[in-house]
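**Q** First the structure, then my questions, so here it is.
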Amino acid sequence: MKIIKNIVISGKHQKPIVTDLFYTDDNKPKPIVIFAHGYKGYKDWGCWNLAAEAFAKQRFFFVKFNFSHNGGTVGQPIDFPDLEAFGHNNFIKELDDLQSVINWILTEKSIQHNIEPANITLIGHSRGGGIVSIKASEDKRITNLITWAGVSDYGARFPTGEILENWRKNGVSYIEN
């Protein structure tokens, strides 16, 4: 199995998209699986490396990445040293990042012999599940969609009452981990 970690992909929002690839380098086309993590998450959290390896062993070309504004950096992809970026994250940026990853996979010359461009599955966990659902509805290149505990109602996730008013007044809202 070939594992390539922390590839930097350029995105639309001036922050790098740190990406990992897991696949069998046998020069045979494989279905593409692109995984999107959840809110306050990152590509190396919990069991995501194990999931990537399991998919690669079953002959999938597995891609996982950090959203550009998740708070991580190229040097610290599993920490949150860039809280300023995290504070400016939003659904549009995450959709754009996912678009950049899809486009990169389909155009990166070094991997073309290992992918099936007409067979793209998106998997998302939690908020990432909501993001991949939206992207699959927008992008006709996506052939399959899987969510793991995906968000189904973004409105229900937003604060209300005093918390919302304080956010509006102060321009920032703090969420405990």
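Readers should treat all values here as calculations from the given coordinates under stated rules, not as data from a laboratory. Everything numeric in this text was worked out from a predicted model, so none of it was measured. Cβ: placed from backbone, ideal geometry, glycine included. Neighbour counts: every protein chain shown.
**Q** So for the pair Trp148, Ala54, with labels modelled 7 Å out along Cα→Cβ, what separation do we get in nm?
**A** 0.7 nm
**Q** Based only on other Cβ atoms within 10 Å, what is the fewest-to-most ordering of Thr121, Thr19, Thr107, Thr143?
**A** Details: Thr121 19, Thr19 23, Thr107 10, Thr143 14.
Going from sparsest to densest Cβ surroundings: Thr107, Thr143, Thr121, Thr19.
**Q** I've got another one for you. Using Cβ counts within 10 Å as a stand-in for footprinting exposure, how do Asp25, Asp139, Asp97, Asp153 rank, fewest first? Spell out each step's value before the answer.
**A** Details: Asp25 12, Asp139 15, Asp97 26, Asp153 8.
So the ranking, lowest neighbour count to highest, is Asp153, Asp25, Asp139, Asp97.
**Q** Looking at the chain as a GNM with Cα springs under 10 Å, which of Ile102, Ile92, Ile146 has the largest mean-square fluctuation?
**A** With Cα springs under 10 Å in the chain, the top fluctuation among Ile102, Ile92, Ile146 is at Ile92.
**Q** A further question follows. Identify which of Lys109, Lys15, Lys43 has the largest mean-square fluctuation in a Gaussian network model of the chain, with springs joining Cα atoms closer than 10 Å.
**A** Ranking Lys109, Lys15, Lys43 by mean-square fluctuation puts Lys109 first.
**Q** Still on this model: Sequence-distant or interchain residues sharing an amide H contact under 5 Å with Asn119, placed H: which?
**A** Ile32
**Q** Pull up all non-local amide H partners of Val151: gap of 5 or more, or a different chain, and H-to-H distance under 5 Å with H placed in the peptide plane.
**A** Those lying under 5 Å, H to H, from Val151 are Ser126, Arg127, Gly129, Gly130.
**Q** Could you tell me which of the pairs Lys5/Lys40; Lys5/Lys64; Lys28/Lys109 are separated by over 18 angstrom between their Cα atoms in the structure shown?
**A** Numbers: Lys5/Lys40 20 Å; Lys5/Lys64 9 Å; Lys28/Lys109 14 Å.
Pairs exceeding 18 Å: Lys5/Lys40.
**Q** Would you mind computing Rg(Cα) / (2.2 N^0.38 Å) for region 2-170, counting N as its residues? Could the numbers behind the result be given before it?
**A** Values: Rg = 16.2 Å, N = 169, 2.2 N^0.38 = 15.5 Å.
Its radius of gyration relative to the 2.2 N^0.38 Å reference: 1.05.
**Q** May I pose another question? What size of dipole, in debye to the nearest 20, comes out for region 2-170 about its Cα centre when the only charges are +1 on Lys and Arg C-beta atoms and -1 on Asp and Glu C-beta atoms? Could the numbers behind the result be given before it?
**A** Numbers: 20 positive and 18 negative charges, 60 e Å.
In total the dipole reaches around 280 debye.
**Q** May I pose another question? Just to be sure I understand: with springs between alpha-carbon atoms less than 10 Å apart, which residue in Ile34, Ile131, Ile111 has the highest mean-square fluctuation in the Gaussian network model of the chain?
**A** With Cα springs under 10 Å in the chain, the top fluctuation among Ile34, Ile131, Ile111 is at Ile111.
**Q** May I pose another question? Name the residue from Asn170, Ile111, Leu95 whose Cα lies farthest towards the positive end of the charge dipole of the chain, charges +1 on Cβ of Lys and Arg and -1 on Cβ of Asp and Glu.
**A** Ile111
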